[in-house]
Ligand code: SF4
């Protein structure tokens with residue numbers, strides 16, 4: 001399948017500083033995960049993965065029932081559930097709520113679901129100020145970028161980049177010490193927390209039997225977001241549901257370890273309903289916004305439904321050789337890496353970015369580290385064949401099909417195949433330092449040109465397999 005590779009990929013590949021930042025950050029996360037799931041530390045790791053997968057499978061097969069259970073339990077605790085088909089409906093609800101309460105300032109904790117629907121930008125159009133309070137998210141919000149990584153949104157930024165961003169947007173120049181940069185952000189954000197009218201969070205899990213949302217984080221900003229403002233709105237995809245609070249024992253053990261190598265994140269909050277009469281902390285109003293945004297379509301597809309098992313740990317990104325080279329901003333949507341390559345085409349349509357399912361070496365490293373055992377390579381292959389079929393329907397890919405037919409025909413004619421091999425080796429230039437770095441100009445076209453722009457070829461062997469085979473047969477009679 002010939003694909004159009006976005007220019008961003010080339011830009012990333014040739015940016016040495018960025019390559020180093022991606023490689024070292026993902027490498028560190030990978031090493032920490034490896035240690036945290038080692039059989040000496042967590043002997044039941046594989047059983048936990050299997051349990052997590054089964055819980056997700058069961059929940060999604062009975063999602064309608066569990067969603068209703070969640071709704072009635074949220075209501076029983078004094079909260080409200082808002083059902084939204086897409087991002088537009090989420091924004092309409094929030095804008096309406098803000099208007100009714102005369103709210104202007106919103107503080108937010110990290111949430112990929114709200115990134116998915118461009119919540120901040122859309123709220124801005126309604127005259128509201130939505131401020132990210134997770135440090136990484138705050139940095140990229142100031143830089144007007146989208147997250148580079150599901151777990152570490154500013155993974156691509158060095159402390160010098162952060163110093164530059166703070167200097168341009170906060171007027172504080174020359175601060176390159178990470179601890180001091182954190183203090184600066186804390187000072188700015190504390191004022192925002194104190195002045196905010198609404199706190200918007202995501203949810204790592206929604207617990208049906210307790211009507212609770214669960215948030216895991218390391219900075220404590222989610223706690224401030226959900227308890228200081230008078231109104232708390234949690235925006236979550238419908239797939240975040242788990243049946244019982246006791247199921248958290250499985251997922252919490254896997255999530256922190258897979259994401260950052262921590263046995264547990266620093267803060268785990270379970271929030272159900274607004275502040276009760278005798279409590280000193282908490283909002284007066286509590287809303288759970290349940291977002292579909294294409295999830296029902298995925299749910300209806302039995303073969304690919306497992307894409308919804310994802311708990312957004314980011315382990316597949318860290319281990320993916322493609323993500324580690326092309327980085328998060330080369331992907332067309334907020335979800336990058338292997339999980340982005342399988343859910344983006346399913347949410348946005350297979351023909352929108354047809355190259356995406358092909359952006360994988362199919363090495364299987366992602367499936368090996370996924371805590372809920374999503375068979376990502378299998379899903380990539382399914383999506384590839386969907387893209388190919390769609391292209392064929394549109395009359396595209398004829399040249400490629402012809403090429404493969406020709407190849408198959410040659411393979412069935414050994415003599416011709418051998419002659420073609422001899423001709424290719426005759427025109428191929430000599431190796432430089434043990435590698436062929438260029439091919440002759442007439443061959444340097446189309447996909448081969450793209451291939452050769454990033455890779456070198458090993459030198460051709462002095463003799464072909466057939467020549468060696470003939471020699472061997474002559475030497476070993478019978
Ligand atoms: S697909 Fe698996 S490894 Fe990747 S982010 Fe989701 S849960 Fe983590």
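Side notes on the structure shown:
- The numbered conditions (1) more than 17 Å from residue 372 (Cα to Cα); (2) crowded, with 24+ Cβ neighbours inside 10 Å; (3) touching a helix residue (DSSP H, G or I) at 6+ places or on another chain (Cβ under 8 Å) are all true for residue 209 except (2).
- Screening the range 348-366 for residues that are within 14 Å of the ligand (Cβ to nearest atom) and not in a loop (DSSP other than H, G, I, E, B) and picking the one that is surrounded by the fewest Cβ atoms within 10 Å (Cβ to Cβ) gives 365.
- For the condition more than 30 Å from residue 276 (Cα to Cα) and part of a helix (DSSP H, G or I), residue 67 does not qualify.
- Test: residue in the range 382-402 that is within 27 Å of residue 13 (Cβ to Cβ) and within 16 Å of the ligand (Cβ to nearest atom): yes
- Residue within the range 295-307 that is under 16 Å from residue 115 (Cα atoms), in a helix (DSSP H, G or I) and away from the ligand (no atom under 14 Å from the Cβ) present: yes
- Filter result for the condition that a residue is closer than 26 Å to residue 101 by Cα and within 15 Å of the ligand (Cβ to nearest atom), over 211, 277, 202, 282: 202
- Residue 81 being in the same structural domain as residue 286 (by TED's automatic domain parsing), in contact with a helix residue (DSSP H, G or I) (Cβ under 6 Å, 6 or more places away or on another chain) and not in a helix (DSSP H, G or I): yes
- Those residues of the range 251-274 which are more than 16 Å from the ligand (Cβ to nearest atom) and either free of Cβ contacts under 8 Å to residues at least 12 places away in the same chain or more than 15 Å from residue 80 (Cα to Cα) (or both), in sequence order: 263, 264, 266, 267, 268, 269, 270
- For the range 138-165, a residue qualifies if it is touching a helix residue (DSSP H, G or I) at 6+ places or on another chain (Cβ under 6 Å) and more than 20 Å from residue 22 (Cβ to Cβ), and the qualifying residues are 138, 142.
- Residue 341 vs. criteria within 12 Å of the ligand (Cβ to nearest atom) and buried (at least 22 other Cβ atoms within 10 Å of the Cβ): yes
- Filter pass, residue 319 being within 23 Å of residue 59 (Cα to Cα), at pLDDT 95 or above and either within 14 Å of the ligand (Cβ to nearest atom) or buried (at least 20 other Cβ atoms within 10 Å of the Cβ) (or both): no
- Within the range 383-478, helices (runs of 4 or more DSSP H) holding 1 or more residues that are within 34 Å of the chain's Cα centre (by Cα) and modelled with pLDDT under 85: 398-411, 446-454
The values are calculated or read from the model by the stated rules, or taken from the named source; none is laboratory data. Since the structure is predicted, the reported quantities are computational estimates derived from the model, not experimental observations. Quick reminder, even Gly has a Cβ in these numbers, built from the backbone with ideal geometry, and neighbours come from all protein chains shown.
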